[in-house]
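Working notes, beginning with the structure itself.
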Amino acid sequence: MAISDWTPEKKQTLIEHLEDLRKSIIIILIAIIAAAVLCFSHSEQILNLIMSPLNSYDEKLIVTGVTEAFMVKLQLSFLGGFILAFPVVIWALWRFVKPALYPHERKYVYFLIPITTILFAGGVLFAYFGVLRLILGFLIYIAGNNLETMFKVDQYVSFVLAFTIPFGLVFELPVVVFFLTKMGIVTYEAMASKRRYALLIIVILAAALTPGPDPFSQMLMAGPVYLLYEISIWVAKFSKPGKGRNQEETTEISE
């Protein structure tokens with residue numbers, strides 16, 4: 001087989017790559033904007049969902065700025081629009097990068113995209129339903145009876161987003177470890193022998209990622225993340241370094 005024939009798909013010029021990138025970006029923007037418009041028409045329901053953990057403590061949100069309510073609903077609409085349009089975003093990115101991937105690389109993408117989505121959603125849902133309510137209850141309790149709690153809507157929404165989204169990101173740890181193991185960067189033995197250092201790093205990251213300075217919320221994040229680290233150790237144990245592109249290309253040429 002000629003060397004020019006072993007590329008993943010037919011070679012494209014730089015102009016063709018840029019044109020594909022432009023089309024993908026346009027598709028993504030149209031999908032997100034259309035979904036955001038739909039979400040804005042239901043922004044009151046979305047805000048009620050965000051307020052649900054706070055409502056269980058008979059707390060209300062207040063607005064102190066002229067445009068504060070509008071900006072908060074706009075923010076939630078674009079966030080909801082991105083979530084609704086996420087399948088289209090993934091498809092648009094996939095159509096752009098697919099020509100550059102080899103068959104064995106595409107196999108991993110088909111397998112890992114659903115897992116990555118499930119893990120991120122699981123982390124956000126765990127934070128929202130399992131941890132956020134406890135954190136709010138703790139902070140309200142700390143305020144005591146002498147202080148009247150009045151939460152601004154923009155600060156509350158920012159707090160909820162800053163608390164739940166990092167959970168979704170850290171739940172991707174097993175996927176990251178899988179790729180690092182395939183690349184030969186990390187090994188099962190190295191991860192297992194460095195548990196103490198990993199725990200220290202996780203505690204530091206939990207302190208940095210949680211929006212509140214209280215140790216209670218930091219511990220609620222650090223605990224699940226360390227459990228994910230232990231799961232990642234087993235992921236590394238059963239994952240083997242994959243062959244690189246150079247080896248794949250050599251195999252293709254020899255055929």
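The values are calculated or read from the model by the stated rules, or taken from the named source; none is laboratory data. Remember, it's a predicted structure, so these values are computed and weren't measured experimentally. Cβ atoms come from the backbone with ideal geometry, glycine included; neighbour counts cover every protein chain shown.
Taking the conditions (1) more than 24 Å from Pro166 (Cα to Cα); (2) at pLDDT 85 or above; (3) charged (D, E, K, R); (4) surrounded by 13 or more Cβ atoms within 10 Å (Cβ to Cβ) in turn, Lys73 satisfies each one other than (1). With respect to the conditions (1) closer than 23 Å to Phe167 by Cα; (2) crowded, with 16+ Cβ neighbours inside 10 Å, Ala35 falls short on a single one, namely (1). Being over 21 Å from the mean Cα position of the chain (by Cα) and buried (at least 19 other Cβ atoms within 10 Å of the Cβ) is a description that applies to Val153.
Answer with yes or no whether Arg95 is loosely packed, with under 15 Cβ neighbours inside 10 Å, under 30 Å from Val175 (Cα atoms) and in contact with a Ser or Thr (Cβ under 7 Å, 6 or more places away or on another chain). For Arg95, the condition - loosely packed, with under 15 Cβ neighbours inside 10 Å, under 30 Å from Val175 (Cα atoms) and in contact with a Ser or Thr (Cβ under 7 Å, 6 or more places away or on another chain) - is met.
Those residues that are within 20 Å of Lys237 (Cβ to Cβ) and surrounded by 16 or more Cβ atoms within 10 Å (Cβ to Cβ), I need them from region 189-206; list them, please.
Those that are within 20 Å of Lys237 (Cβ to Cβ) and surrounded by 16 or more Cβ atoms within 10 Å (Cβ to Cβ): Met191, Ala198, Ile202.
Test Phe167 against the stated conditions and say whether it is aromatic (Phe, Trp, Tyr) and crowded, with 19+ Cβ neighbours inside 10 Å. So Phe167 fits the description; yes. Among the residues of this structure, Tyr110 does not count as one that is of a type outside the set (A, V, I, L, M, F, W, C), part of a helix (DSSP H, G or I) and surrounded by 17 or more Cβ atoms within 10 Å (Cβ to Cβ). Inside region 141-184, residues that are farther than 19 Å from Ile113 by Cβ, touching a Ser or Thr at 6+ places or on another chain (Cβ under 7 Å) and modelled with pLDDT under 85 make up a count of 2.
Looking across Val37, Val63, Val89, one residue alone is touching a Phe, Trp or Tyr at 6+ places or on another chain (Cβ under 8 Å) and at pLDDT 85 or above. It is Val89.
Against the list (1) exposed (fewer than 13 other Cβ atoms within 10 Å of the Cβ); (2) among the hydrophobic types (A, V, I, L, M, F, W, C); (3) at pLDDT below 85, the condition Leu227 fails is (3). State whether the residues of region 119-135 include one that is among the aromatic types (Phe, Trp, Tyr) and either at pLDDT below 85 or under 30 Å from Ser239 (Cβ atoms) (or both). Yes, region 119-135 has at least one match.
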